[in-house]
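Taking it in order: structure first as structure tokens, then the write-up.
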Amino acid sequence: MAEHDLASMQALLARQKAANIQAGAPSAEKRIEWLDRCIGLLIDHRKAIEDALNDDFGARSPEATAFTDVAGSIGPLAHAKANLKKWMKAQRRPTSPPLLGLFGAKAEVRYQPKGVVGVISPWNFPVNLTFAPLAGILAAGNRAMIKPSEYTPATSALMAEMFADAFSEDEIATFPGGPDVGQAFSELAFDHLIFTGATSVARHVMAAAAKNLTPLTLELGGKSPVILSRTADMKTAAARIMNGKTLNAGQICLAPDYVLAPAERMGEFVDEARAAVGAMFPTVKDNPDYTSVINQRHFDRITAYVDEARARGAEVIEIKPDGEDFSQQEHHRIPPTLILEPADDLKVMQEEIFGPVLPVKSYRTVDEAVAYVNAHARPLGLYWFGDDAAEREQVLATTTSGGVTVNDVIFHVAQEDLPFGGVGPSGMGAYHGQDGFREFSHRKAVYSQIKNEMGPLKALRPPYGEGIRKYLAGAIVR
């Protein structure tokens with residue numbers, strides 16, 4: 001391997017595990033210190049982070065980076081810092097039978113650091129999707145080894161320098177490198193591993209982790225649908241949907257992937273989507289606020305979706321407010337693009353788009369829209385817009401997704417006290433806030449028996465007699 005071989009990573013893992021055992025579970029004060037160091041890194045290196053991500057993407061505004069990768073990372077770290085003492089407290093549970101509790105028995109759950117957590121972070125928000133998991137990892141008292149994406153080399157190198165300046169390798173270590181490093185990294189015997197990325201890659205990560213029975217958190221993606229109710233405020237809905245679709249040029253695991261609109265309101269949605277894009281981006285091609293697609297490979301993939309749809313007869317609407325020509329450009333920008341009534345066998349309807357292209361399909365009844373969602377893989381997010389409480393509850397009750405935002409898109413991921421994660425092919429496990437603390441903790445069950453030898457306890461031992469028969473008569477009942 002170019003940067004790190006398997007032996008060096010195994011040696012560092014052994015060092016971190018030994019340090020974890022030697023030091024024991026860190027105090028709340030130590031965990032807060034770790035979190036403070038992370039917050040300090042983000043504040044002190046804000047400009048360098050903005051520059052690195054602009055270099056990696058070719059064009060990404062400093063404000064977008066500051067919003068998503070800097071402020072968006074400080075939030076979870078600060079939330080963990082403010083709450084971890086409460087989270088760390090042992091949780092009392094009722095004893096079974098309750099009579100034991102009356103005589104002094106105690107049942108509780110204690111939260112213990114798992115040890116060393118591996119983090120495989122992606123390229124789309126490489127800083128946020130490294131530091132946000134670290135909020136739960138460090139709050140739970142763990143050490144971490146990080147494999148950042150090779151698609152953002154400048155940012156990955158910067159993060160390696162940042163962590164090396166603020167943490168010893170026994171606390172946090174970073175391993176930049178290509179797919180070979182990533183494969184070897186995923187085969188390490190971590191105490192827990194979190195992977196954020198594509199479902200196709202997750203299958204390989206899960207297979208590698210299975211060799212060590214390493215517990216996993218998988219934050220993946222999929223095709224997150226939008227259902228527009230007939231009662232939706234179309235102007236507001238279109239503005240929020242197109243904001244979510246153009247943020248980071250749609251390169252977001254939770255980006256709205258397709259829209260299901262009432263047939264009679266399709267034209268209205270298209271008009272409002274055009275207007276919303278025009279208000280945000282009077283120009284697109286050279287607009288510093290509009291992010292470029294990460295590289296040529298993904299640019300070609302996304303444009304191939306559009307070309308196939310056009311060739312198959314779908315109506316393609318490229319929203320270019322200034323009528324710009326994108327055939328000659330310095331970067332890999334793709335204008336916001338609507339594809340109306342695409343056939344289900346098109347690749348744009350089969351694969352996660354991860355770009356600024358938005359298919360729009362019509363429906364006649366809400367039942368039809370729900371059935372369409374349920375006929376496909378369970379998504380990471382689902383979005384419903386409307387003002388009909390009964391319909392909202394129908395959609396929430398009859399669809400399954402990692403999370404839901406009502407009357408907006410993506411925003412549930414920003415709620416620190418809500419778990420963030422997928423279901424089925426969109427992921428497993430969840431983190432953020434207390435759920436992240438628990439995800440990266442071992443929940444140890446502890447039962448403390450009463451000291452005195454009571455008759456009922458003795459009756460449960462051989463030789464069996466009337467005492468156990470009375471107990472069984474009371475226990476085996478409907």
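Of note:
- Filtered residues of the stretch 74-116 (kept if touching a strand residue (DSSP E or B) at 6+ places or on another chain (Cβ under 8 Å), among the charged types (D, E, K, R), under 27 Å from A23 (Cα atoms) and not in a loop (DSSP other than H, G, I, E, B)): R92, E108, R110
- Subset of the stretch 175-184 (residues that are over 20 Å from the mean Cα position of the chain (by Cα) and open to solvent by less than 50 Å² (accessible area, probe 1.4 Å)): F175, P176, G177, G178, V181, A184
- Among the candidates R297, R310, residue that is free of Cβ contacts under 8 Å to residues at least 24 places away in the same chain, closer than 30 Å to A154 by Cβ, of a type outside the set (S, T, Y) and part of a helix (DSSP H, G or I): R297
- Residues in the stretch 326-352 that are closer than 18 Å to G278 by Cβ, outside any loop (DSSP other than H, G, I, E, B) and touching a residue at least 60 places away in the same chain (Cβ under 8 Å): L338 only.
- Of the residues examined, V404 is not one that is of a type in the set (A, V, I, L, M), closer than 30 Å to G244 by Cβ and not in a strand (DSSP E or B).
- Residue identified as surrounded by 21 or more Cβ atoms within 10 Å (Cβ to Cβ) and over 30 Å from K85 (Cα atoms) among L53, L6: L53
The rows are residues; the columns are (1) buried (at least 22 other Cβ atoms within 10 Å of the Cβ); (2) in contact with a helix residue (DSSP H, G or I) (Cβ under 7 Å, 6 or more places away or on another chain).
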position	(1), (2)
I194	yes, yes
R203	no, no
A209	yes, yes
T217	yes, yes
P225	yes, yes
L228	yes, yes
T231	no, no
A239	no, yes
M242	yes, yes
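- Residues that are farther than 10 Å from W34 by Cα, touching a residue at least 60 places away in the same chain (Cβ under 8 Å), part of a helix (DSSP H, G or I) and out of contact with any Gly (no Cβ under 8 Å at 6 or more places or on another chain), drawn from the stretch 122-136: L129, F131
- Any hit, the stretch 332-340, residues being farther than 24 Å from G222 by Cα and in contact with a helix residue (DSSP H, G or I) (Cβ under 6 Å, 6 or more places away or on another chain): no
- Pairs meeting the criteria (first residue in the stretch 449-466 and in contact (Cβ under 8 Å) with a residue 60 or more places away in the chain, second residue surrounded by 10 or more Cβ atoms within 10 Å (Cβ to Cβ), beta carbons under 6 Å, at least 6 apart or on different chains) are Q449/A105; I450/F103; I450/G104; I450/A105.
- Where a residue in the stretch 187-212 is within 22 Å of L12 (Cα to Cα) and its partner, wherever it lies, is open to solvent by 10 Å² or more (accessible area, probe 1.4 Å) and small (G, A, S), with Cβ under 6 Å and at least six apart: N212/A189
- Only one of the listed residues (V259, V293, V277) is touching a strand residue (DSSP E or B) at 6+ places or on another chain (Cβ under 9 Å), of a type in the set (A, V, I, L, M, F, W, C) and closer than 24 Å to G381 by Cα. That residue is V259.
- Within the stretch 404-433, being over 15 Å from the mean Cα position of the chain (by Cα) and touching a residue at least 24 places away in the same chain (Cβ under 8 Å) holds for N407, D408.
- Candidates D367, D408 - the one that is among the acidic types (D, E) and open to solvent by 50 Å² or more (accessible area, probe 1.4 Å): D367
- The single condition among (1) closer than 30 Å to H331 by Cα; (2) of a type outside the set (A, V, I, L, M, F, W, C); (3) in contact (Cβ under 8 Å) with a residue 60 or more places away in the chain that K17 does not satisfy is (1).
- Yes/no for M159 being at pLDDT 95 or above, surrounded by 20 or more Cβ atoms within 10 Å (Cβ to Cβ) and either over 29 Å from K245 (Cα atoms) or within 19 Å of the chain's Cα centre (by Cα) (or both): no
The values are calculated or read from the model by the stated rules, or taken from the named source; none is laboratory data. What you see is a predicted model; the values in this text were computed from it and never measured. Glycine also receives a Cβ, built like all others from the backbone with ideal geometry; neighbour counts cover every protein chain displayed. Heavy atoms of the whole protein, side chains included, go into the accessibility calculation; ligands, DNA and RNA do not. Shrake-Rupley method; radii C 1.70, N 1.55, O 1.52, S 1.80 Å.
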